[in-house]
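Here's the structure we're looking at; comments come further down.
The values are calculated or read from the model by the stated rules, or taken from the named source; none is laboratory data. Just so it is clear, the structure is predicted and the values come from calculations on it, not from any experiment. Backbone-built Cβ (ideal geometry, glycine too); neighbour counts: all protein chains shown.
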Amino acid sequence: MIGQRKVAKGKRGGVLCFGCLCLLATSLTAAEPQVREAELKRVEVIEKVAPTVVAVFAKGGAGGGSGVLISKEGFALTNFHVVTGLGPFMKCGLNDGVLYDAVLVGIDPTGDVALVKLLGRDDFPVATLGDSDKLEIGDWTYVMGNPFLLATDFQPTVTYGIVSGTHRYQPPAGTWLEYTDCIQVDTSINPGNSGGPLFSSAGELVGINGRGSFEKRGRVNSGAGYAISINQIKFFHDQLKAGRVVDHATLGATVTTEADGAVVVNGILETSDVYRRGLRSGDELVSFAGRPVRSVNQFKNILGIYPKDWMLPIVFRHEGERREIHARLRGLHAKTELMPGPRPQPKPRQPMPKKDKDGKPEKTPDLPQAPPSDPHAEAKKTAIPEQWKNWFVAKPGFANYRFNQLEQDRVFVSLKGLGDFASATGSWRLSGQSMAGDKFELTLAAKGVGLEIRDGAFFQQLEDTDPADEPQGTGGFLIAAHQLRLLLQAGAKGFTECHYFGSEPLDGRGELADVIVTTLGAIETRWFFSRASGLLLGLDSRLLEDAEPCQIRFDGWNDFSGRRLPATWRVTSADKEFATLKVEKAEVAGKK
Amino acid sequence: MQNAECKVQSVEQSEGQIPLAVLFQAPTASRSARSRSVMQLAICTLHFALCTVLFPFSAHAQSTRDTISALQPKVVKIFGAGGIKSLAAHGTGFFVSKEGHIATIWSHVLDADLVTVVLSDGRRFTARVLGAEPQLALAVLKLNGAEGVEFPYFNPDEAISAGTGTRVLGFSNMFNVAAGDEPVSVVHGVIAAKTVIEARRGVFDSPYSGPVFVVDGVTNNSGAAGGVLTTRDGLLLGMIGLELRNAKSNTWMNYAIPVNELASPIQQIISGKFERKKDPHEDEPSLKPRRYKPLDFGFLLVPDVVERTPAFIDSIQGDSAAAKVGLRSDDLVLFVNDELIQSCRALHEAIGRLESGDQLRLVVRRGNELVNVEMPVPKKKE
């Protein structure tokens, strides 16, 4: 029987192979038109997006990853853990076969995102950004990149699969890299795919691939890959483009799930903005940033996608009463923790991989790339290409300060159009009426600031005196007004430190505004500029860290003999309005 | 085999003009054919080519979305024993009755008095094992405190069989990614083969022998066992099996046990009429006689729950040899007569090999110190 079968097998095999070929031929014709159509659509999408896919290489070709172009000037997204250790300059290949020089722009160590800029062209192909919140489980996706660094000609490798889960949380791996609200796919993600794009079936960029669950199968695809959602990256984009080392937000309070499922505050920092806005231990979180809070994990998931220092809406229940606040969020890390340079030893968040009996690690770290270390570690060794030298400026706290300078220049252009304030070194006298009908006069001079309103007179000396909360309860309106004088007069030079922060929704609810942050001694001021008109929309100025700021919002700018100044000033602090000042007359004196 | 040959003949006769009907029947044939011959591979290929014809994916994304959202509430996450070394403390199961019966894989996760079951919307229940058929790697759980609640479920009697090339979806809580109040992970694939696997022992135990669907996607990961395999349009096919590794090639197998095989024991367990088939190996005398056990010396070990449970002493009987030499509970046995002991099982074996008149020398770790004790092996009454 066995012998017979063997003989028969050979014969069958041959015949079947022939049959198989015929069938393939017939099935291809039989498969039309839907199959053919779907196939053509895939080919079309891949052809459209492949030129935007970047192969990132370490110097000397030792390791690398992937990326994707998002602007024709050459800005490209990748993973923080891909650029780690590459220094400020690297090589990036595109599918046109050209290897471009590229410079590091900004990094997000917590979110595992980095922005680089390819150099030498201003007409790079660009991927269209999609809306990752619209992805649903079962949707088809493409992963493109350079797994195992296969593509020596930089033609990206394409894999195709489905969304396995949305809004997933992947806890910190090793150090910071926490993936919150991320996209889980069964599309193959392998070492080298890190930093590359996840495209929707329509070819829109919906995520940046960066992690996989590997465990005991070795560091190859095991059916669970994770991409950082493009919607999260959109929040950080302007900060990354500004050459910054960005941080994620934390509430300033810890929460726990009660037996009835309510998410309740069980500890709160009294210096936090949420505390000053009225959140207390025992309060129940209802919603955060417009999304309902259902569990601690899910809350962490929502929180993790937002940048430090953003103001966001929070709804909570205090002693049964529903309250809605807009609070500014603190940073997840101490400033020094994220600085390039020798890194503080992070607390071990997960045990070291144990060895099995073959001596192989039982669990490999689940990053398809080397674990993060100092992004500038090898910077000194890398020779900076002569022609691109001016694209990198080192400064503590920044990945590449050059890009912050560019953004500051862009935002400050609007100030130049306001008139010649540089020569206005004398007193400035602004007078008019408040909305409440009170006459006021605000005097801004080099040595002091004074305000007369209603029956009161307030004065802040600027030399040899500590800045005070004057008038009381305004968060230091006089000091804030003085900051405006400094900005108009000298721009960035009027302050000890000045940088472009990125963008944030104005007051946590309005349009996205460009934000400049200045410091002068202990005084920190956030300046909000309209992205549409370039005009200054207002400022938040605080006398001390964690102090309640004085918030001034402007409405309209009027011309006062050749110089433009804000027409209406709404002054608030701690959600209480001090006054809305309508400037009717302004005298700005030049040199005495 | 007869059946399969018949198919082949019809293919031969058709000389390339393969009647589709023959190929449609082939899946049932391939099961009896087993994974032996070139013939089957060829049939796989044929089916792979055909699957596009059988399951055209026009407007597929939309229907897959709908299928998935309809099925996810039927799949649950199970949390129980484990969490040591590479043994996950999580698994997957699926509802098989509206009253809250859950079918899952028989595994170490169930080695707990109560397991926790989390639904796709985050609702949590405790559950107990109602019955199990270890030979089929099947266990059926019942949710506690779920009286009056109706659950969406898969009817095991409606499970279908499908052939090579069928497009499938796998639902499971692999890697415990869906740790929160969220639905389990979904992966896609194609049935690459239908074959028969054999039971095995070792690091990756698999008690199941029988037919399986082999899938080309990565369905079987840690914690995935007990999940479901369905067709792309949501028909129940199989229960995802335990992780299996081929020791020779170091490759992993992705497979599911046809629910057809499990439907009747599931119904019997639910109705309380289940009688376990006798394990053919159960009455075989153990190859290694165990003449002595720890109790002969007056101590008991902690329950042997995992593959390599460390050999901790759980309790000491008063007035026993163990008590006299000063052994204490929580001592960890490291050596028995100079033999390194890595697990409870190893300790049982080492003690089992002792003979009357031997000395039993133990090295135990107590806190930070090593303690040596020695006691005579008692005479065994015959």
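Side notes on the structure shown:
- Residue among B:Gly165, B:Gly180 that is within 14 Å of another protein chain (Cβ to nearest Cβ), in a loop (DSSP other than H, G, I, E, B) and surrounded by fewer than 23 Cβ atoms within 10 Å (Cβ to Cβ): B:Gly180
- Subset of the range A:295-306 (residues that are more than 14 Å from chain B (Cβ to nearest Cβ) and out of contact with any strand residue (DSSP E or B) (no Cβ under 6 Å at 6 or more places or on another chain)): none
- One residue alone among A:Glu504, A:Glu463 is out of contact with any helix residue (DSSP H, G or I) (no Cβ under 6 Å at 6 or more places or on another chain), among the acidic types (Asp, Glu) and either outside any loop (DSSP other than H, G, I, E, B) or crowded, with 17+ Cβ neighbours inside 10 Å (or both), and that residue is A:Glu504.
- Residue that is modelled with the highest pLDDT, among those in the range B:270-300 that are outside any loop (DSSP other than H, G, I, E, B) and in contact with a His (Cβ under 8 Å, 6 or more places away or on another chain): B:Ile270
- Taking the range A:10-107 and the strands (runs of 3 or more DSSP E) fully enclosed by it, the elements with 1 or more residues that are modelled with pLDDT under 95 and assigned by TED's automatic domain parsing to the domain that holds A:Tyr142 are at A:53-57, A:64-69, A:89-93.
- Screening A:Arg570 on (1) touching a Ser or Thr at 6+ places or on another chain (Cβ under 8 Å); (2) assigned to a helix (DSSP H, G or I); (3) among the basic types (Lys, Arg) shows it passes everything except condition (2).
- Test: residue in the range A:285-294 that is out of contact with any Leu (no Cβ under 7 Å at 6 or more places or on another chain), buried (at least 18 other Cβ atoms within 10 Å of the Cβ), modelled with pLDDT of 90 or more and more than 14 Å from chain B (Cβ to nearest Cβ): yes
- The range A:154-202, subset more than 14 Å from chain B (Cβ to nearest Cβ) and free of Cβ contacts under 8 Å to residues at least 60 places away in the same chain, residue nearest to the chain's Cα centre (by Cα): A:Leu198
- Scanning the range B:354-364 for residues that are farther than 13 Å from B:Phe299 by Cβ and crowded, with 16+ Cβ neighbours inside 10 Å gives B:Leu354, B:Val363.
Okay, residues lined up against (1) among the β-branched types (Val, Ile, Thr); (2) within 28 Å of A:Tyr179 (Cα to Cα):
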residue	(1), (2)
B:Gly180	no, yes
B:Val187	yes, yes
B:Val190	yes, no
B:Ala193	no, no
B:Pro207	no, no
B:Phe213	no, no
B:Gly217	no, yes
B:Gly227	no, yes
B:Gly238	no, no
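Every residue, every condition in (1) buried (at least 24 other Cβ atoms within 10 Å of the Cβ); (2) in contact with a Leu (Cβ under 8 Å, 6 or more places away or on another chain); (3) among the hydrophobic types (A, V, I, L, M, F, W, C), yes or no:
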site: B:Gly131; (1), (2), (3): no, no, no
site: B:Gln135; (1), (2), (3): no, no, no
site: B:Gly145; (1), (2), (3): no, no, no
site: B:Glu150; (1), (2), (3): no, no, no
site: B:Gly170; (1), (2), (3): yes, yes, no
site: B:Phe175; (1), (2), (3): yes, no, yes
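- Residue in the range A:191-236 that is modelled with the highest pLDDT, counting only those that are of a type outside the set (Asp, Glu) and out of contact with any strand residue (DSSP E or B) (no Cβ under 9 Å at 6 or more places or on another chain): A:Ala202
- Residues satisfying the stated conditions in the range B:234-273, i.e. among the β-branched types (Val, Ile, Thr) and surrounded by fewer than 19 Cβ atoms within 10 Å (Cβ to Cβ): B:Thr251
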